[in-house]
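Visitor: One structure coming up, written as structure tokens, with questions to follow.
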């Protein structure tokens, strides 16, 4: 069977790698850009909030749990297969709590649920937080939730290594080759030629809308700044991801950090003005929680758009009408990196079901 995948972001790459291990499949990936991970994946920090997420049942939790169970072995597997090293933080996630903590009862309930599922969450009071993270001293912070089992990964590097491993399994990857929908609704390559395939998998993020016009995905802005400090924040041997009030602090080693946030706008017309306002608000919050950032040198800055489904939950994984079996796997919103392994398994089951 021949299968064509549209999109070489983290989700498309994970699907390509998963399917490349199925005997008898011939796979090709079509990417509109000259290199992978230039869309929503390139606008991600790779923070994987699985165990610490409030999702506890149904597909939303099932996809997260697959990531929790898969990522450690996946990273080791890929590094062994390709010889490439992937920046992968195993020190967990600290979510700050603010006084008055109206969510404490929800956190206690989640802690009990996770314990029953075999996962660990720790509820820290302020003294315990300061013991582990002495640089977080703002008086409004009353404690934190610590999830030692959650992870963070470099999403661009992971995407590249997934594709490299897939290519070692004979997957063909074509860059600068967007798929297009013709006037009859059939998908064709960038030159307008028919594609030799038995099935399509559409993972092209916001670009998926051009292939499936009825699909409603809307752009949400992600912003990030890479900074360098003269010394690591807090304890050098304990560098988890820290999040609070939509501010993310992601350690990269040697005093380097990504700082980022996701900002929603009601319409694209106000995006430029709102983006500037969001930047100012982000830095106000970040400096309030982490005063040492006032001395940070900004070494890089970027922003990018993430696809959010409208009128349905994220992600969108559904079969659509076409001249050949076609599955959409897009609209992962803030969680493309986290949900990629679970999405890949769903897609694999769908492909196997085609016979």
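Visitor: For the list (1) surrounded by fewer than 17 Cβ atoms within 10 Å (Cβ to Cβ); (2) modelled with pLDDT under 95; (3) under 25 Å from residue 287 (Cα atoms), I need the number of the one condition that residue 222 fails.
Guide: Here residue 222 clears every test but (1).
Visitor: Does residue 270 fit the bill of being surrounded by fewer than 15 Cβ atoms within 10 Å (Cβ to Cβ), at pLDDT below 95, under 30 Å from residue 311 (Cα atoms) and out of contact with any strand residue (DSSP E or B) (no Cβ under 6 Å at 6 or more places or on another chain)?
Guide: It is true that residue 270 is surrounded by fewer than 15 Cβ atoms within 10 Å (Cβ to Cβ), at pLDDT below 95, under 30 Å from residue 311 (Cα atoms) and out of contact with any strand residue (DSSP E or B) (no Cβ under 6 Å at 6 or more places or on another chain).
Visitor: Here is a further query. Return a yes/no flag: does the stretch 105-125 have any residue that is more than 26 Å from residue 253 (Cα to Cα), over 26 Å from the mean Cα position of the chain (by Cα), surrounded by 14 or more Cβ atoms within 10 Å (Cβ to Cβ) and not assigned by TED's automatic domain parsing to the domain that holds residue 56.
Guide: no
Visitor: Here is a check on your reading of the model: is residue 13 buried (at least 24 other Cβ atoms within 10 Å of the Cβ), part of a helix (DSSP H, G or I) and either in contact with a strand residue (DSSP E or B) (Cβ under 9 Å, 6 or more places away or on another chain) or modelled with pLDDT under 95 (or both)?
Guide: yes
Visitor: Return the pairs, sorted by first residue and then second, in which the second residue is assigned to a loop (DSSP other than H, G, I, E, B) and modelled with pLDDT of 95 or more, the first residue lies in the stretch 30-44 and is on the phi > 0 side of the Ramachandran plot and surrounded by 24 or more Cβ atoms within 10 Å (Cβ to Cβ), the beta carbons are less than 6 Å apart, and the residues are 6+ apart or on different chains.
Guide: 37/9
Visitor: (1) touching a strand residue (DSSP E or B) at 6+ places or on another chain (Cβ under 9 Å); (2) modelled with pLDDT of 95 or more; (3) buried (at least 17 other Cβ atoms within 10 Å of the Cβ): which one isn't true of residue 170, the others all being true?
Guide: (3)
Visitor: Restricting the search to the stretch 297-315, which residues are within 25 Å of residue 345 (Cβ to Cβ), in contact with a helix residue (DSSP H, G or I) (Cβ under 8 Å, 6 or more places away or on another chain) and surrounded by 16 or more Cβ atoms within 10 Å (Cβ to Cβ)?
Guide: 306, 307, 315
Visitor: Filter the stretch 173-208 down to residues that are under 20 Å from residue 329 (Cα atoms) and either touching a residue at least 12 places away in the same chain (Cβ under 8 Å) or assigned to a loop (DSSP other than H, G, I, E, B) (or both), then give me how many there are.
Guide: Residues flagged as under 20 Å from residue 329 (Cα atoms) and either touching a residue at least 12 places away in the same chain (Cβ under 8 Å) or assigned to a loop (DSSP other than H, G, I, E, B) (or both) within the stretch 173-208 amount to 25.
The values are calculated or read from the model by the stated rules, or taken from the named source; none is laboratory data. Here the structure is a predicted model, which means the values were calculated and not measured. Reconstructed Cβ throughout: ideal geometry from the backbone, glycine too, with neighbour counts over all protein chains shown.
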